[in-house]
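J.: Provided herewith is a single structure, encoded as structure tokens, for subsequent inquiry.
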Amino acid sequence: MRTILITGGTDGIGRGLALHFLRNGDRVIAVGSTQAKGDRLLADAERLGAADRVVFHRTDLTLTRNCQELIDFVDASYPRLDALILGARHDRPFGPRVETEEGFERHLALLYLSRFVLAYGLAPALERAANPVIVSLCTPGVSAGAINWTDLNMTGKYSGFKASLQALRANDLLGVIFAEKRVGGKTRFVAYNPGVVATSMTDTLPMPVRPIAKAVFKVAAQPVDKALPPIVALVDAPPEQRFSASWKTKQVDLGKDTFDVDKAWRLFDATGQLLRTHKTGIAV
């Protein structure tokens, strides 16, 4: 029986993947921040006869200490981890900068730092599996956005839209450096762009943007069940390359500037410095 951990596992694509793998006979650790959504997933798992193979781990992944607690939970509870699917995301493109208790800009914390900490922290558990893979649901192939090298935490002039794009570009570089640093490892890292999917993402947008976005999504977005098969295929048969990126079923050219190795090393060093400056206790 495989053990699969999914962040953002109680809603949207993450929930769809959780139910798929439960039907398949796998064990699923679904990570989310909302109790009601977790309860709904647990009820669905019980109806599938899979109540003994699902765990809802409620936590706030914007805090690195909670990411470390999740790593400790996995290490103490399971002999290995077969797949890590990184899907937790909560964009706030409008409004003022929101800072976590640990002093990090919220987009950076949830969309990048949590994935950084979990990928490296769970790497030993993944390496104990036969064919381990990390699938990061992000936006490879998109060039919009840039890393703010002089103000990674965006404490100066702020734009939620730019903060979100920065975190997404950081995700591209995370996959690059993970593969560079773990040359001898078995774990494959895949950056995957599912395209526009009909999830609850638009629910968090303010008025009057929300109804407009919902109308656009209704026309342009594919349903969740249609978005699942390519992701499932990556988990069932990971690519041979240590790092790969794809947009739906099309491979993304890793020669693009968004996957620059020197920038990936620079971001790794900057991330380590940021974690140390904020005294998170996370060793990199």
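J.: Of everything in the stretch 142-158, what is of a type outside the set (A, V, I, L, M) and either in contact (Cβ under 8 Å) with a residue 24 or more places away in the chain or touching an Asp or Glu at 6+ places or on another chain (Cβ under 9 Å) (or both)? Give them in sequence order.
T.: SER143, GLY145, TRP149, ASN153, THR155, LYS157, TYR158
Here is a yes/no grid of residues against (1) among the hydrophobic types (A, V, I, L, M, F, W, C); (2) at pLDDT 95 or above:
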{"position": "ARG47", "(1), (2)": "no, yes"}
{"position": "CYS67", "(1), (2)": "yes, yes"}
{"position": "GLY87", "(1), (2)": "no, yes"}
{"position": "HIS90", "(1), (2)": "no, no"}
{"position": "VAL98", "(1), (2)": "yes, yes"}
{"position": "ALA109", "(1), (2)": "yes, yes"}
{"position": "LEU113", "(1), (2)": "yes, yes"}
{"position": "VAL117", "(1), (2)": "yes, yes"}
{"position": "ALA123", "(1), (2)": "yes, yes"}
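J.: Another question, if that's okay. Here are ALA191, ALA245, ALA264: which of them is assigned to a strand (DSSP E or B), under 24 Å from PHE104 (Cα atoms) and either modelled with pLDDT of 90 or more or in contact with a His (Cβ under 6 Å, 6 or more places away or on another chain) (or both)? Write out each step before concluding.
T.: Numbers: ALA245 fails: under 24 Å from PHE104 (Cα atoms); ALA264 fails: assigned to a strand (DSSP E or B).
ALA191 is the lone residue from the list that is assigned to a strand (DSSP E or B), under 24 Å from PHE104 (Cα atoms) and either modelled with pLDDT of 90 or more or in contact with a His (Cβ under 6 Å, 6 or more places away or on another chain) (or both).
J.: Within the stretch 38-51, work out how many residues are closer than 20 Å to VAL197 by Cβ and surrounded by 19 or more Cβ atoms within 10 Å (Cβ to Cβ).
T.: Qualifying residue count for the region: 1.
J.: When you check VAL224 against the structure, is it modelled with pLDDT of 95 or more, of a type in the set (Val, Ile, Thr) and farther than 19 Å from ARG169 by Cα, yes or no?
T.: no
J.: Ok, one more. Within the stretch 142-184, work out how many residues are within 19 Å of PRO96 (Cα to Cα) and surrounded by fewer than 14 Cβ atoms within 10 Å (Cβ to Cβ).
T.: 5
J.: Checking PHE217 against (1) within 21 Å of LEU86 (Cβ to Cβ); (2) at pLDDT below 95; (3) aromatic (Phe, Trp, Tyr), which test does it fail?
T.: Of (1) within 21 Å of LEU86 (Cβ to Cβ); (2) at pLDDT below 95; (3) aromatic (Phe, Trp, Tyr), only one is false for PHE217: (1).
J.: Related question: Limited to the stretch 1-38, what total is found for residues that are closer than 19 Å to ASP225 by Cβ, touching a Phe, Trp or Tyr at 6+ places or on another chain (Cβ under 6 Å) and either in a helix (DSSP H, G or I) or among the basic types (Lys, Arg) (or both)?
T.: So the count comes out to 0.
J.: Among residues belonging to the stretch 128-141 that are small (Gly, Ala, Ser) and more than 19 Å from the chain's Cα centre (by Cα), point out the one that is surrounded by the fewest Cβ atoms within 10 Å (Cβ to Cβ).
T.: ALA130
J.: Looking at LEU168, LEU173, which is the one that is in contact with a Leu (Cβ under 8 Å, 6 or more places away or on another chain), farther than 12 Å from LEU108 by Cα and either part of a helix (DSSP H, G or I) or of a type in the set (Gly, Ala, Ser) (or both)?
T.: Working: LEU168 fails: farther than 12 Å from LEU108 by Cα.
Among LEU168, LEU173, only LEU173 is in contact with a Leu (Cβ under 8 Å, 6 or more places away or on another chain), farther than 12 Å from LEU108 by Cα and either part of a helix (DSSP H, G or I) or of a type in the set (Gly, Ala, Ser) (or both).
J.: Here's another thing I want to ask about it. With the requirement that a residue be in a strand (DSSP E or B) and of a type in the set (A, V, I, L, M), what does the stretch 56-108 give you?
T.: Hits for the stretch 56-108 are ALA83, LEU84, ILE85, LEU86.
J.: Go over the candidates ASP257, ASP269 one by one and state the one that is surrounded by fewer than 19 Cβ atoms within 10 Å (Cβ to Cβ), under 23 Å from ALA146 (Cα atoms) and without any contact (Cβ under 8 Å) to a residue 24 or more places away in the chain. Step through it out loud before you land on a result.
T.: Values: ASP257 fails: without any contact (Cβ under 8 Å) to a residue 24 or more places away in the chain.
Just one listed residue meets the conditions, ASP269.
J.: Residue pairs, Cβ under 6 Å, 6 or more apart or interchain, first in the stretch 1-20 and touching a residue at least 12 places away in the same chain (Cβ under 8 Å), second assigned to a loop (DSSP other than H, G, I, E, B) and of a type in the set (Ser, Thr, Tyr). List them.
T.: Filtered contacts from the stretch 1-20: THR3/TYR78; GLY12/THR199.
J.: Of the residues LEU63, LEU5, LEU70, LEU17, which single one is crowded, with 24+ Cβ neighbours inside 10 Å and under 16 Å from ALA119 (Cα atoms)? Show your work before the answer.
T.: Working: LEU63 fails: crowded, with 24+ Cβ neighbours inside 10 Å; LEU70 fails: crowded, with 24+ Cβ neighbours inside 10 Å; LEU17 fails: under 16 Å from ALA119 (Cα atoms).
None of the other options fit; the residue is LEU5.
J.: Is the stretch 91-100 home to any residue that is among the β-branched types (Val, Ile, Thr) and over 24 Å from VAL235 (Cβ atoms)? Can you show your working first?
T.: Our first condition is that a residue be among the β-branched types (Val, Ile, Thr); within the stretch 91-100, this holds for 98, 100.
Subset that is over 24 Å from VAL235 (Cβ atoms): 98, 100.
Scanning the stretch 91-100 turns up at least one residue that is among the β-branched types (Val, Ile, Thr) and over 24 Å from VAL235 (Cβ atoms).
J.: Would you mind stating whether THR202 is in a helix (DSSP H, G or I), surrounded by 13 or more Cβ atoms within 10 Å (Cβ to Cβ), at negative phi and modelled with pLDDT under 95?
T.: When the stated conditions are applied, THR202 passes them.
The values are calculated or read from the model by the stated rules, or taken from the named source; none is laboratory data. Owing to the predicted nature of the structure, the values given are computational and were not obtained by experimental measurement. Note that we place each Cβ from the backbone using ideal geometry, even for glycine, and neighbour counts take in every protein chain shown.
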